[in-house]
1. Consider Met174 against the criteria (1) surrounded by fewer than 21 Cβ atoms within 10 Å (Cβ to Cβ); (2) touching a strand residue (DSSP E or B) at 6+ places or on another chain (Cβ under 6 Å); (3) not charged (D, E, K, R): it satisfies all of them except one. Which criterion is unmet?
2. Could you count how many residues in segment 321-339 are surrounded by fewer than 14 Cβ atoms within 10 Å (Cβ to Cβ), outside any helix (DSSP H, G or I) and of a type in the set (A, V, I, L, M, F, W, C)?
3. Pull up segment 72-91, narrow it to residues that are more than 14 Å from the chain's Cα centre (by Cα) and closer than 12 Å to Asp180 by Cα, then point me to the one that is surrounded by the most Cβ atoms within 10 Å (Cβ to Cβ).
4. What is the residue count in segment 7-32 for residues that are in contact (Cβ under 8 Å) with a residue 40 or more places away in the chain, crowded, with 16+ Cβ neighbours inside 10 Å and out of contact with any Leu (no Cβ under 8 Å at 6 or more places or on another chain)?
5. So, in segment 229-275, how many residues would count as being of a type outside the set (S, T, N, Q) and in a helix (DSSP H, G or I)?
6. Looking at segment 84-95, I want the residues that are on the phi > 0 side of the Ramachandran plot and have a partner that is not in a strand (DSSP E or B) with Cβ atoms under 7 Å, at least 6 apart or on another chain. Which pairs are those?
7. Looking at (1) at negative phi; (2) of a type outside the set (Asp, Glu); (3) buried (at least 16 other Cβ atoms within 10 Å of the Cβ), which is the one condition that is false for Gly276?
8. Can you confirm whether Ala274 is touching a strand residue (DSSP E or B) at 6+ places or on another chain (Cβ under 9 Å) and over 16 Å from Ala213 (Cα atoms)?
Amino acid sequence: MVVVMQEGSTEEQIQRVIDRLVSMGFDVHRSTGATHTVLGAVGVRSDCDPRDIELLDGVREVVRITQPYKLASRHFRPEGTVVEVGRGVRIGGPEVIVAAGPCAVESAEQIHTIAERVARLGAKLLRGGAFKPRTSPYTFQGLGEQGLKLLRQAADKNSLLVVSEVMDPSQIAMMLPYVDVLQVGARNMQNYHLLRALGEVPKPVLLKRGMSATIEELLLSAEYIMAGGNYNVILCERGIRTFETYTRNTLDIAAIPVIKKLSHLPIIADPSHATGRRDKVPPMARAAVAAGADGLLIEVHHDPEHALSDGAQSLYADQFAQLMAELRIIAPAVGRRIG
């Protein structure tokens, strides 16, 4: 359940409510908004009478949350969450944030060339995989820590932040010095061991929807991270597997406004993995922004025909430039802006 404190409630009153909830067997998560404090009580008790809490001093109302996700629910933070990534980049605010770069880091020349181009065109984050979960064990698997070093160097040189995928809890400590956002890929959305570990990390987590996952399952995966204490979760709609075969996946545009209603967490879209075709990426990116996405994850490569991973869905630099120009026209129509 969620306990909404009255505006102006004292710290002593808030602490008294927290202590009461803890004594009843709940874990309590606190969210302080612009006007009032919200306490999320998470536990398995079903015999709790909300009136026992409502009568405490400083309590405005107690809301029972019927969804299985409590901390990711819009009730926990009605005003929405804005995730501070770094260097003034905030995901979930009025600006639509674009992360761009190759599917995988291949060489110093490659990542520096791409970083310079996407930064000049308005991207705020540099994306690139150092560890690549590939369907075939015989395809390029990434450069590992060396790839992270190259990614960090290219990002710093061009005043960009870094987002890269983590595949296993054992990689987290090694990755922290190099990345600003830790990405959980679609294949790991329900890797609960990894999600629990990321709940203890003091950096934002970009959580991609699994290719066969429902919206509720995505939010429950976010709940694993938040239950560990890390509320800086960014959701990502990257397409789901359907009966259609023309595109790589089916981008669920409707999931964006649905999640906006159900959850306070920001959500971005990845039209590159959703479509698998560079000619379909721009229209899906435009649609995602129009639907309310807080950001985009776009694959860009300076030589996609020779890319070691997902070249067919990577935009050329001039295509990315055109897309950014189009987004700067669309975003104001829905009350947003592109940096």
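1. Status for Met174: all satisfied but (2).
2. 1
3. Gly86
4. Residues in segment 7-32 being in contact (Cβ under 8 Å) with a residue 40 or more places away in the chain, crowded, with 16+ Cβ neighbours inside 10 Å and out of contact with any Leu (no Cβ under 8 Å at 6 or more places or on another chain): 1 in total.
5. Number of matching residues: 11.
6. The qualifying pairs are Gly86/Asp180; Gly92/Gly80; Gly92/Thr81; Gly92/Val82; Gly92/Pro266; Gly92/Asp294.
7. Only one criterion in (1) at negative phi; (2) of a type outside the set (Asp, Glu); (3) buried (at least 16 other Cβ atoms within 10 Å of the Cβ) is unmet by Gly276, namely (1).
8. Details: touching a strand residue (DSSP E or B) at 6+ places or on another chain (Cβ under 9 Å): yes; over 16 Å from Ala213 (Cα atoms): no.
Spelling it out, it is not the case that Ala274 is touching a strand residue (DSSP E or B) at 6+ places or on another chain (Cβ under 9 Å) and over 16 Å from Ala213 (Cα atoms).
The values are calculated or read from the model by the stated rules, or taken from the named source; none is laboratory data. Keep in mind that this is a model prediction, so the values were computed, not measured. Every residue, glycine as well, gets a Cβ built from its backbone with ideal geometry; the counts of neighbours run over all protein chains shown.
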